[in-house]
Structures are given as C-alpha cells and as structure tokens.
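Read through the structure below, which is laid out as structure tokens, and then see the notes.
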2 protein chains.
Amino acid sequence: MPDPKSKYWLPVRETMDPGIREQKILERVQEVMTYAYKKSVFYRDKWDEAGVHPEHISSLDDFERVPVVTKQELRAAQLRVEPFGDYLCVPEGEVHHIHGTSGTTGRPTVFAIGRDDWRTIAENQARILWAMGLRPGDMVFVAAIFGLYLGSWGAMLATERLRAKCFPFGAGAPGMTARAAQWLKTMKPQGFYSTPSYALHLAEVARDEGIDPHDFRLKTMFFSGEPGASIPAIRERIEASYGASVFDCGTMAEMTPFMSASGTSGSGPGMVLFQDMVYHEVCDPKSFSRVGWGERGTPVYTHLERTSQPMIRLASGDLTHWIQGPSPCGRTYPCFPDGVYGRIDDMFQVRGENIYPSEIDAVLNQLTGYGGEHRIIISREGAMDELLVQFEASENIYAEGATAVDSLRQRASEDLRRVLGVRSKTEVLDINTIPRTDHKAHRVVDDRELFRTLNSKLE
Amino acid sequence: MPDPKSKYWLPVRETMDPGIREQKILERVQEVMTYAYKKSVFYRDKWDEAGVHPEHISSLDDFERVPVVTKQELRAAQLRVEPFGDYLCVPEGEVHHIHGTSGTTGRPTVFAIGRDDWRTIAENQARILWAMGLRPGDMVFVAAIFGLYLGSWGAMLATERLRAKCFPFGAGAPGMTARAAQWLKTMKPQGFYSTPSYALHLAEVARDEGIDPHDFRLKTMFFSGEPGASIPAIRERIEASYGASVFDCGTMAEMTPFMSASGTSGSGPGMVLFQDMVYHEVCDPKSFSRVGWGERGTPVYTHLERTSQPMIRLASGDLTHWIQGPSPCGRTYPCFPDGVYGRIDDMFQVRGENIYPSEIDAVLNQLTGYGGEHRIIISREGAMDELLVQFEASENIYAEGATAVDSLRQRASEDLRRVLGVRSKTEVLDINTIPRTDHKAHRVVDDRELFRTLNSKLE
C-alpha cells in the first residue's frame, strides 16, 4: 500500500519515460507469448499457422504482426474444448471464479479466472481507484448486478484490496433501485460504481422517492459497461445530478482488469491507458497495425499479468482515438481522450455519412429540455436511408404545452443535422414511454416494419 | 487444508468428547464476552443493567443468565450510533464488507463485517462444504441474489476457501432462471446453492425449456434462507427433481458463518451444530434458559469467532428442537434433527391448535398430484378462526378433469385435518396462479377482506 499522501500507487511505473516503459512492455510481451505458446493449443496453433513465433518478436512493431484474437475464435475454442476452451493456460483446479457473457442468443463465452489472476485483478484495479482519489477506509457502493457480468466484481475486488469498505448492493431485481436510493442516503458512501445509464435512472428514481441525489454526498463515481461517462453531455448530467466527480473506465470483460483504461483524478475526461497492466494499441480495423497518435481506430488489448485465460492481441471491435501522454494527471501513459465511444459495427451509414449512436446520445444530452431517454430507428425507404430519433422531454417542457414540445423537437432536429451532417426525423414521445435500464442501454432499433408504421404518423 | 481422504476438516474438534468441548466453549465465551464488554457500549450498558459481568460467567449454566439480544435492540443501536451501531467492536477502517437486511418497511439493519471476520467466515464455511462432501476443484453454482442477502456471499466465500471453482451466477433479474438452466446444463457443476423455493422453481423452468434437471449432474445441493431442505417431502421433491444430495443449513444473517448449523454427508436430514464455530442453544422462548434434549424451543446463538459485530446470545425467534450428539456422521455435536422449521411468530392458532406454515407445506408436498405452490389464508369468521389452503395441482391432474381435481382437493383436506388436528378449507387454483419466487417464498396471507370474498365462492 503506498504512502497515503502519494498521488500514485506505483510512482515509478506510472511516471517513467515512455520509451523505457515500451522496452519493459516488450520484455513482458515476450514472456507472456512464450508462456501462452507453451501452455495453450489455441495460441500455438494460431501462431504456427500465421508463421509467428514468440522468439521472433523483438520489437513492439514486430508484435503488430501477431494475428488478433476475435470473440468468435474464443467461442469456437470453447465448443471444441468444453467448457473453458483450449486457451485455458492453468490447470482446471486453479480456476477460482467463473463468469461469462450474458447474451441471450447463441453460446455464451465462459470466463475462467485463476486464483492468482483474481488477486492480480484486485491489485491492479485498487491502483486505479487510488488514482481516482479513493482511499483506505472510504466506502464504495456497487450498483450493478453481481453474476455473469464482471464489472461489479472488478469494482468489488478493487475496493477490497484498497482496504476500503465494499457495499456490494447489486442491481437488476424489481424494486432494488428505490431501495438503493434509500441505502445511499443512509450510508453516504464516498465511491459509487454502476453503468452510466443506470446512474441516470437511479437519480430519476431517487427524485421520485423525494430524495435529492446530492444528499448521498458521493465524491467519486466510476463507470464501465458502456460509453457514456466520457461523453461530455452525459458526464455533465451525472455530475449535475449527484455533485460528484465522474470517471470513465473499462475495456472488455475478457480483458479484466478492465480498469486498465480509466479516468484519474486530474486527467480530465477520457481514459488514461495503464500500459504496464494491459498493453493497449489502437489499430486500423483491417490491417490491425497501430494508427498514429490522434487517429481513430479500434483498440487491441494484450494482458501483461494474466495467466488463466491470457488475451494476446484481442480485437475489441470498439472505436476510439488515442493521444500521446503525459496525461494532465502526471502519468506518462497515452490516453483515450474521449473514452471508447462506440463499436465499429454500431456505426451505420445514412445517405453516405458514418453515424455513431454515441453522437446522437451526446447531442440530445446537450439539449435543455431533454428528458433523459431516447431511441434510434434506422430504416430504408425505397433507395433512401432514413433515421428517426425518438426522445422524451423533461417534465417542464410537457407542462409548457404543445408549442414548447415542438420547439424542442425542432431544436433537436437542427442540432442533429449540424453534428451528424444528415437530416433525421425527430419525435418527442410521452414521458416514461421508453423503458429505463438496470444495466446497459439498448437504444438502436433497426426494424423496417416498425419504421413504416411510425413513419406514416409523422410529418 | 486437510488430507483429501479425511472425512473431517478438523478431526479433533469435530469428534472430541462433548464435555471437553463444552469446557473449551466456556473459555471462548468468557473471552468473547470480555472482548465485547471492553469494545462496545452496547454490550457494556446492556450487561451492566442486567447485573451480569464477563467475570461472573464460570459455567455454561451461568451463561444462560446473560440477557438475549433482540433484532429490535440492534436496530435501535444503529439509530443511536449511525450507521453500524454501538456494537461495532472494530475500528470503522477495519470494515471490509457491508450487507444488510432487505425488508421493504422500516429501517433495515446494517451488517458491517470486518476484514478478519470475512476470512473467518470463509474458513468456517469451507469446513462445512467439506463435510457435505465437496472437495477442491469441484464447481459450485450459486443461484441466489448477490447484494444485501448474505446467503449467496457465504456460499461463495466457502467455495473460494475450499479451492473449488465458484460460479456466482446470482438470481433475481428477469429471465435469469431460464439462463441458469442453460448454464447448469453446459457447466455441470458438482455443487449448487439457492433457497429451497428457488430450486423447485428452477426445476420447473428447466423442464419448460426442455431440459431435465438431472442433466445438470449435480451431486451436492445446499440450501438456506428458509426452512424446506429439512422438511422430508420438500427434500424428497428436490432430490427427485435433480438426483442430488440435499443439505439444509443456516441460522441467521447476523450470525454468519450461518452454516454453523448444517447437514453433512452421513448426518441424514436436519442439521449438525458445529458448536465450536457458533454456540447454539435451544431455549425456552420466555426464560431463555436451555430446554432439555428432545424438547422444542427457540435457538439462541453466540459467535465464538467474530470480532466486528459479535452476537452474544442473539434471540432468533425461530423454532426447532434439538437432540444430543453424536450425529450419524460421526461428529459429536448436537443436532436439529428436523432443521429449523418455523418462527415463533409464524405460528398461528386455529380453534385452539398451534399451526406452523411448514406443516402445511409438508402435507402438500407429500400429496401425489400437488403442483408445487400454495397459499395459506387465515381469518376469523365471527368467533371462529378459519384456515383456507389454496394450492395448484400438477398438469396431469388438470388434464384428467374436474373429478380428479376435486378428488385431489379432498385428499388434501383429509391429510391436513389429520396432521393439523383442525379442519381447513381447501381450494385447487388454476395452474401458475401463484407467483413463483426467485428468493424466499411468502405463502401466508392474513387478510379478512380477501378471505371473505373467496369464502363466498367455496363450499
């Protein structure tokens, strides 16, 4: 445990010269590859086929030639060797915890986390909570479901290792949100973890219960599971609701310690990449070689300290851009200045323009009078792509009447057109029409039938 | 970790002469009382007022004079000294985990569990899983909500400490039960934890999904949270659904390690009382002195190894009877041969007879053609107590038609009359009328209005 006054958990590692760090990362990458080649049929076969061998990697540029791992390959490996796949690199008896993906269709992926890895995850993520300003003795309230989903467990492990008090409240069961508000008011924790969508929902429910979320007196709120905490308008909405500092974090469940990319106290919005935990690359989505600083690409992640199911160049399918360090917090790591703002396959084209759902989310959240939830419906009418954005207004707007509602709708249309570069249809729905979520939001609908029906009702 | 072939985790402690054990328990009780007297205003004030002092306790008979702690006192103490109460005996910085009661009305009680206690709980409960026949490397699926409720956390800690694989699946969110069935079929864990009600519900849902719960190949199923796993008919129904051994365990959340009373491999139904973890007394519910072997009373529990919020003579309000050891499993501990079968305040009187809901549960579960869920409605018609038992029939019975349904109803009436000693009204409801539970069942309704309405429809 570091000196309580230290800004950094590991001052040397966090502030070292980036060139020297890259040399250390290279050494670690070589070790991890040698280990995985020896222990796993999956990596041995994959690399042999690609003509890549751990001994050939003598620079991080060489490492770019290592073929990426896809989620589909992991699923196939688990069908081939049940249940953990032939990339489990420890004896089955060393498996400590089992979690998994929570998709409702198709075979989920099983995460087998070894006993040592469980401790490593705790150690690494405690370092991140420290960087966010949490300290031993603080209380951290975890308001996300405990089960398959790893986010909540990671937040808990981090809190425990920090010698803070963990209140693993959970989420997801009927009635829990109102009770969470009551407990937060009673316990007044310093820290809070959930998904960004859920934090906004919880604030609404609290106010419905007559509780001002400011009364929770939260200081540090950290989020993962979906983009949001790095989107300025959403970030500001959460900060305004709770009066707390907001930190974005998270890479992928497969990559846990997922907080390796995290906002820190002093970093400003976005995420600092703790490259000595997990090696983060931002790559061209076709060649999977790194893009330059400032450029957009897809993150590719490599575990430097996991032994059970180590991921070596896991393709995220996410979308971001990165910049060179140091971060304003003093760490010499590179950063995702706008967080991870979407998925490559979330992107859709409307009349030739690339559009990301997170951009629409951001526009609406900046709009005074926005009610907090929306839905995006994409379709094609004849040869033309059509984009419909439905959203709720705030109570004030409804109270002001039809003119105010329509004026809000028009402002949304104009703002969307300006930011997206294409015209969209907009509709203001009645209050509480769109279901709120206890977990991650699902806002994009691609349903021609639905679109046709709705379309006939609109101008 | 004991020798893998050993039947006992701690052979000496588990099989020692009960007289010698009692001497050790006395020494431990003296230490715990001295500690609590020194560290907590709550115990100091309470005992000073009662004229009891740790130094005066020179036998376990003396210990019976120590006034019991009630849940109401704990709540009052937490209102007085927020949030943990003046019975927190460690510095707040030592609090590791926060859990609590999950009642929806009134102020809940907060459990603050210290870092050392968290380890002690794991250690003690791993010993119990060992006694149930689980071993390092086995997989344990925990199908209860992770949050305020401590049962799931205790099962997880025990599994982790046993060096088994923990699959903390959780429960409570919509759609989780069907997914649990899918995961159980894929993962084939050896161990399983939930509430008894939920295990029965899960078996129904699995069958609806076309999955036979036998395909899970479970070996060891352990339960807490409500009576059931010691009620022969329910126990048999779970065993028949899954083809696994069923173990009952559990005392109270406040008393965690709650598995201190647990079935073991070889014990037969009921629970063995690991007196060296928690000192279990069965007492007269008025005087709180111990009742003799074979007699009914209410359990009173004392922590022997907890330091954060140690409970010293906590009155459970539950109901059981106890017998002298040794248990058929070879342990020299006393036992609750029928588990903990109700609460003192669950008992209701119908025309002068004492009736426990668990007795009705047992009668129905023994009935061929019972559909798995029921509801008990108690009321008073004029001067007469009335008891209405509504239940569902199995699909076969409904398929056979109205005569079969009525014949089932009559058999239920006769069996209930024989066991309870009073006449009750019975009604067979349509299938799936009574909601199933993801947690603990709530089957008793005391609603005169409802009763009147229903009554008019019955013979």
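The values are calculated or read from the model by the stated rules, or taken from the named source; none is laboratory data. Being a predicted model, the structure only gives us computed values, none of them experimental. Here the Cβ is made from the backbone with ideal geometry for all residues, glycine too, and neighbour counts use every protein chain on show. Each accessible area value is taken on the protein alone, full model and side chains, heavy atoms only, with ligands, DNA and RNA left out. Shrake-Rupley method; radii C 1.70, N 1.55, O 1.52, S 1.80 Å.
Any residue in the range A:431-445 that is more than 14 Å from chain B (Cβ to nearest Cβ) sitting within a Cβ distance under 8 Å of a residue that is in a loop (DSSP other than H, G, I, E, B) and of a type in the set (D, E, K, R)? List the pairs, counting only those 6 or more apart or interchain.
Filtered contacts from the range A:431-445: A:A441/A:E226.
Could you tell me whether the range B:335-347 includes any residue that is open to solvent by less than 10 Å² (accessible area, probe 1.4 Å), more than 21 Å from B:D361 (Cα to Cα) and of a type in the set (F, W, Y)?
Checked against the condition, which is being open to solvent by less than 10 Å² (accessible area, probe 1.4 Å), more than 21 Å from B:D361 (Cα to Cα) and of a type in the set (F, W, Y), the range B:335-347 yields no hits at all.
Does the range A:120-132 include one or more residues that are touching a His at 6+ places or on another chain (Cβ under 9 Å), modelled with pLDDT of 95 or more, open to solvent by 60 Å² or more (accessible area, probe 1.4 Å) and more than 10 Å from chain B (Cβ to nearest Cβ)?
No, the range A:120-132 contains no residue that is touching a His at 6+ places or on another chain (Cβ under 9 Å), modelled with pLDDT of 95 or more, open to solvent by 60 Å² or more (accessible area, probe 1.4 Å) and more than 10 Å from chain B (Cβ to nearest Cβ).
For the range A:283-308, give me each residue that is open to solvent by 10 Å² or more (accessible area, probe 1.4 Å), assigned to a loop (DSSP other than H, G, I, E, B) and of a type outside the set (A, V, I, L, M, F, W, C).
A:D284, A:P285, A:K286, A:S287, A:S289, A:G292, A:G294, A:E295, A:E305, A:R306, A:T307
Does B:P326 count as open to solvent by 20 Å² or more (accessible area, probe 1.4 Å), part of a loop (DSSP other than H, G, I, E, B), modelled with pLDDT under 95 and at negative phi?
Criteria not met by B:P326.
Across the range B:45-81, which residue is surrounded by the fewest Cβ atoms within 10 Å (Cβ to Cβ) among those that are of a type in the set (K, R) and under 30 Å from A:K185 (Cα atoms)?
B:R80
Looking only at the range B:152-187, which residues are without any contact (Cβ under 8 Å) to a residue 24 or more places away in the chain and more than 22 Å from A:G114 (Cβ to Cβ)?
B:A173, B:P174, B:G175, B:R179
Consider only pairs whose beta carbons are under 7 Å apart and that are at least six residues apart or on different chains; among these, list those whose first residue lies in the range A:79-97 and is of a type in the set (A, V, I, L, M) and whose second residue is assigned to a loop (DSSP other than H, G, I, E, B).
Pairs found: A:L79/A:R107; A:L88/A:S308; A:L88/A:Q309; A:V90/A:T307; A:V90/A:S308; A:V95/A:S308.
Mind checking whether some residue in the range A:310-317 is on the phi > 0 side of the Ramachandran plot, assigned by TED's automatic domain parsing to the domain that holds A:L26 and not in a strand (DSSP E or B)?
Taking every residue of the range A:310-317 in turn, at least one turns out to be on the phi > 0 side of the Ramachandran plot, assigned by TED's automatic domain parsing to the domain that holds A:L26 and not in a strand (DSSP E or B).
Looking at (1) surrounded by fewer than 24 Cβ atoms within 10 Å (Cβ to Cβ); (2) among the hydrophobic types (A, V, I, L, M, F, W, C); (3) more than 8 Å from chain B (Cβ to nearest Cβ), which one does A:M139 not meet, given that it meets all the others?
The single condition A:M139 does not satisfy is (3).
Pick from B:P196, B:P136: which is farther than 17 Å from A:G147 by Cα and modelled with pLDDT under 95?
One residue alone meets the criteria, B:P196.
Give the residues of the range B:331-347 that are out of contact with any helix residue (DSSP H, G or I) (no Cβ under 6 Å at 6 or more places or on another chain) and touching a residue at least 40 places away in the same chain (Cβ under 8 Å), sorted by residue number.
Result: B:Y333, B:P334, B:C335, B:F336, B:P337, B:D338, B:G339, B:V340, B:I344.
Are there any helices (runs of 4 or more DSSP H) wholly within the range A:30-110 with 2 or more residues that are modelled with pLDDT of 95 or more and under 24 Å from the mean Cα position of the chain (by Cα), and if so which?
The helices (runs of 4 or more DSSP H) meeting that bar are A:71-80.
Could you please tell me which pairs satisfy a Cβ distance under 7 Å, a separation of 6+ or placement on different chains, a first residue in the range A:54-74 that is farther than 15 Å from A:T302 by Cβ, and a second residue that is surrounded by fewer than 17 Cβ atoms within 10 Å (Cβ to Cβ)?
What qualifies is A:H56/A:D62.
Name the residue, out of B:A206, B:A178, that is surrounded by 22 or more Cβ atoms within 10 Å (Cβ to Cβ) and in the same structural domain as B:H99 (by TED's automatic domain parsing).
Answer to the selection: B:A206.
Report whether or not A:T109 is more than 19 Å from B:R161 (Cβ to Cβ), open to solvent by 30 Å² or more (accessible area, probe 1.4 Å) and either within 12 Å of chain B (Cβ to nearest Cβ) or of a type in the set (S, T, Y) (or both).
So A:T109 does not fit the description; no.
Within the range B:146-253, considering only helices (runs of 4 or more DSSP H) that don't extend past its boundaries, which have at least 2 residues that are over 14 Å from the mean Cα position of the chain (by Cα) and within 14 Å of chain A (Cβ to nearest Cβ)?
B:150-161, B:176-187
Of all residues being among the basic types (K, R) and either under 27 Å from the mean Cα position of the chain (by Cα) or part of a helix (DSSP H, G or I) (or both) in the range A:369-424, which is nearest to A:V444 (Cα to Cα)? Just the residue, please.
So the residue we want is A:R375.
Determine, yes or no, whether B:S289 is assigned by TED's automatic domain parsing to the domain that holds B:T251, under 20 Å from B:I231 (Cβ atoms), among the polar types (S, T, N, Q) and in contact with a helix residue (DSSP H, G or I) (Cβ under 9 Å, 6 or more places away or on another chain).
Taking the combined requirement at face value, the residue does not satisfy it.
Look through A:Q78, A:Q23, A:Q72 and report the one residue that is polar (S, T, N, Q) and touching a Gly at 6+ places or on another chain (Cβ under 6 Å).
Testing whether each residue is polar (S, T, N, Q) and touching a Gly at 6+ places or on another chain (Cβ under 6 Å) leaves just A:Q78.
Within the range A:240-260, work out how many residues are open to solvent by 10 Å² or more (accessible area, probe 1.4 Å) and acidic (D, E).
Number satisfying all stated conditions: 1.
Filter the range B:66-106 down to residues that are touching a helix residue (DSSP H, G or I) at 6+ places or on another chain (Cβ under 9 Å), facing chain A (nearest Cβ under 8 Å) and acidic (D, E), then give me how many there are.
1
Taking B:G170 as the residue in question, decide whether it is within 21 Å of A:T109 (Cβ to Cβ), at pLDDT 95 or above and out of contact with any helix residue (DSSP H, G or I) (no Cβ under 6 Å at 6 or more places or on another chain).
yes
When B:S407 is evaluated against the numbered criteria (1) under 16 Å from B:I355 (Cβ atoms); (2) open to solvent by 20 Å² or more (accessible area, probe 1.4 Å), which criterion, by number, is the only one it fails?
So the condition that B:S407 fails would be (1).
So in the range B:370-398, with the set limited to residues that are among the small types (G, A, S) and farther than 20 Å from B:R237 by Cβ, which one is modelled with the highest pLDDT?
Within the range B:370-398, the match that is modelled with the highest pLDDT is B:S379.
Kindly provide the set of residues from the range A:261-278 that are open to solvent by less than 20 Å² (accessible area, probe 1.4 Å) and of a type in the set (G, A, S), ordered by number.
Matches in the range A:261-278: A:A261, A:S262, A:G263, A:S267, A:G270.
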